[in-house]
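Only one structure is covered here, and it is reproduced in the block below.
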Amino acid sequence: MDLKIIDLTAGISHALDLISPEVVGHHSRTAEIAATLARQLGFTGQDISDLFVAALLHDIGAFSRKARIDALDFETKDIHHAETGWKLLCEVPHMARPARLIRLHHTPWEHIPEDVPPDEALLANVLNLADRVDVAHLSPDLLPRLNRLAGTAFAPRVVNTISPDVLELREKLLSGDNYTWLSRIENRVIPASDVVGFCDAFSHVIDFRSRFTATHSCGVATIARELGRLNGMAEDELRTLKLAGLLHDLGKLAVPSEIIEKPGMLTESEFEIMRGHTLVTEKILGSMEGLGDICLWASQHHERLDGGGYPHGLSSDDLSEGSRIMAVADVFTALTEDRPYRPGMDRHATMQVLEGMVDSGLLDASIIKLLQQQFVPINDLRVLSQEKALSRFKALAA
């Protein structure tokens with residue numbers, strides 16, 4: 001099973017852009033501008049690839065819609081989201097260097113620590129400048145403004161790469177033309193041995209946007225794999241279930257944290273936004289080669305056997321064993337973990353809800369029977385996996 005770094009990061013970048021109209025296309029435009037500037041400075045190969053990945057994800061630490069929009073202010077002094085982005089990504093396999101560039105992407109040139117390698121300092125400053133060029137493209141005095149900041153906010157060498165052609169590139173990108181670097185970047189394949197670790201780390205990127213979802217995906221992944229094992233599925237299918245569980249809420253990157261963290265009932269319009277996360281998950285994972293059942297099982301976790309689920313209203317004849325297990329794993333984890341509006345349910349209350357959903361024709365009876373028979377060891381696995389994730393979340397928030 002192969003995963004390509006650029007494919008996944010480009011998909012995540014697209015999801016981040018969906019939070020509000022103000023930021024649509026910002027990450028990809030910044031990546032194209034940054035790669036163009038880096039080439040003019042003589043960078044090639046892996047340097048440009050790392051910069052491009054960093055640019056695609058540079059605001060990943062800005063969780064709320066307000067934080068995303070604030071980051072578009074040319075004069076922003078907020079480096080908190082840059083530090084948070086670094087913390088989210090620094091332990092993701094193959095992402096350490098892009099994470100370091102993200103950490104510095106709002107640090108003025110004159111304040112970059114001396115122990116930062118010169119090439120990384122310059123690449124981070126290129127990202128900073130490309131970011132500012134995209135957000136201030138309509139400013140009539142942009143070039144004089146950048147020249148005044150040479151030597152303080154930006155390295156003089158980097159400022160000297162700005163030309164009318166670069167500013168014109170931004171306008172072409174805004175119209176949807178000339179996205180060329182994405183197809184030219186080396187699309188490194190994540191080794192099979194690192195795929196689960198890579199997706200596990202990225203599941204934290206999804207979940208850590210809110211203290212209320214900080215451990216959800218790892219819980220779903222653990223429960224789904226165990227239910228698959230108890231149901232006699234093969235080892236490769238168990239790995240697929242684990243990965244589907246880790247990535248099933250990928251589309252929630254497109255849901256504003258204000259909705260995710262809302263303690264009360266969602267309004268009808270808010271619920272429609274929340275429901276849309278399954279389609280975003282399907283679109284992102286479906287754009288990657290070779291994911292097959294990972295995409296199906298992940299994006300179908302809110303489908304129901306009676307056809308009343310979403311996003312496609314599939315019914316029992318359309319839902320495979322993996323999709324049925326994912327639906328049960330998601331509901332079970334949601335019931336037993338703490339939520340903003342209630343503490344996690346005990347065994348009796350959980351089984352009452354699950355058996356009621358079976359009686360209503362929503363969930364698979366045979367899978368719920370497995371849960372009933374093995375409730376304690378299955379729930380213990382969930383608790384252990386979520387405690388580990390919670391420790392990581394607390395370290396991030398510290």
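Points to keep in mind about this one:
- Residue in segment 352-383 that is most open to solvent (accessible area, probe 1.4 Å), counting only those that are over 20 Å from GLY228 (Cβ atoms) and part of a helix (DSSP H, G or I): ASP359
- Filter pass, THR240 being among the β-branched types (Val, Ile, Thr), surrounded by fewer than 19 Cβ atoms within 10 Å (Cβ to Cβ) and over 18 Å from LEU16 (Cβ atoms): no
- Selection from segment 142-181 of residues that are basic (Lys, Arg) and at pLDDT 85 or above: ARG145, ARG148, ARG157
- Any hit, segment 224-234, residues being outside any loop (DSSP other than H, G, I, E, B), surrounded by fewer than 22 Cβ atoms within 10 Å (Cβ to Cβ) and in contact (Cβ under 8 Å) with a residue 12 or more places away in the chain: yes
- When residues of segment 310-329 are limited to those that are assigned to a helix (DSSP H, G or I) and open to solvent by 30 Å² or more (accessible area, probe 1.4 Å), the one nearest to HIS277 (Cα to Cα): ARG324
- Here ARG170, ARG157 are screened, and the one residue that is touching a residue at least 12 places away in the same chain (Cβ under 8 Å) and open to solvent by 40 Å² or more (accessible area, probe 1.4 Å) is ARG157.
- Residue check for ILE294: under 27 Å from ALA389 (Cα atoms), open to solvent by less than 50 Å² (accessible area, probe 1.4 Å) and either at pLDDT 95 or above or touching a helix residue (DSSP H, G or I) at 6+ places or on another chain (Cβ under 7 Å) (or both): yes
- Conditions (1) part of a helix (DSSP H, G or I); (2) of a type outside the set (Lys, Arg); (3) more than 21 Å from CYS90 (Cβ to Cβ); (4) in contact (Cβ under 8 Å) with a residue 40 or more places away in the chain; number of the one not met by PHE212: (1)
- Inspection of segment 247-258 finds a residue satisfying the criterion of being open to solvent by 10 Å² or more (accessible area, probe 1.4 Å), of a type in the set (Asp, Glu), in contact (Cβ under 8 Å) with a residue 12 or more places away in the chain and under 23 Å from HIS14 (Cα atoms).
- Residues (within 22 Å of HIS94 (Cβ to Cβ) and open to solvent by less than 10 Å² (accessible area, probe 1.4 Å)) located in segment 27-47: HIS27, THR30, ALA31, GLU32, ALA34, ALA35, ALA38
- Residue that is nearest to the chain's Cα centre (by Cα), among those in segment 326-344 that are charged (D, E, K, R) and closer than 13 Å to SER217 by Cα: ASP330
- Hits in segment 278-308 - residues which are basic (Lys, Arg) and part of a helix (DSSP H, G or I): LYS283
- Pick from segment 116-154, criterion of a type in the set (S, T, N, Q) and assigned to a helix (DSSP H, G or I), ranking: most open to solvent (accessible area, probe 1.4 Å): ASN147
- Per the conditions (1) surrounded by 19 or more Cβ atoms within 10 Å (Cβ to Cβ); (2) not in a helix (DSSP H, G or I), the sole criterion not satisfied by GLN386 is (2).
- Among the residues of segment 173-199, those that are out of contact with any strand residue (DSSP E or B) (no Cβ under 6 Å at 6 or more places or on another chain) and crowded, with 19+ Cβ neighbours inside 10 Å comprise LEU173, TRP181, ILE185, CYS199.
- Pairs where the first residue, in segment 339-355, is touching a residue at least 40 places away in the same chain (Cβ under 8 Å) and the second is surrounded by 12 or more Cβ atoms within 10 Å (Cβ to Cβ) and among the acidic types (Asp, Glu), C-beta under 8 Å, 6+ apart: PRO340/GLU261
- Evaluated against (1) of a type outside the set (S, T, N, Q); (2) modelled with pLDDT of 85 or more; (3) farther than 22 Å from THR161 by Cα; (4) open to solvent by 10 Å² or more (accessible area, probe 1.4 Å), ILE60 falls short on exactly one condition, (4).
- Within segment 63-107, if we keep just the residues that are assigned to a loop (DSSP other than H, G, I, E, B) and out of contact with any helix residue (DSSP H, G or I) (no Cβ under 8 Å at 6 or more places or on another chain), the residue that is modelled with the highest pLDDT turns out to be ILE79.
- Scanning segment 206-230 for residues that are modelled with pLDDT under 80 and out of contact with any Pro (no Cβ under 8 Å at 6 or more places or on another chain) yields a total of 3.
- Yes/no for PHE332 being farther than 30 Å from GLY85 by Cβ, of a type in the set (Phe, Trp, Tyr) and part of a helix (DSSP H, G or I): yes
The values are calculated or read from the model by the stated rules, or taken from the named source; none is laboratory data. Please read these numbers as outputs of a predicted model, since none were measured by experiment. In this analysis, Cβ positions are derived from the backbone assuming ideal geometry, glycine residues included, and neighbour counts consider all displayed protein chains. Accessible surface areas use protein heavy atoms only, side chains included; no ligands, DNA or RNA. Shrake-Rupley method; radii C 1.70, N 1.55, O 1.52, S 1.80 Å.
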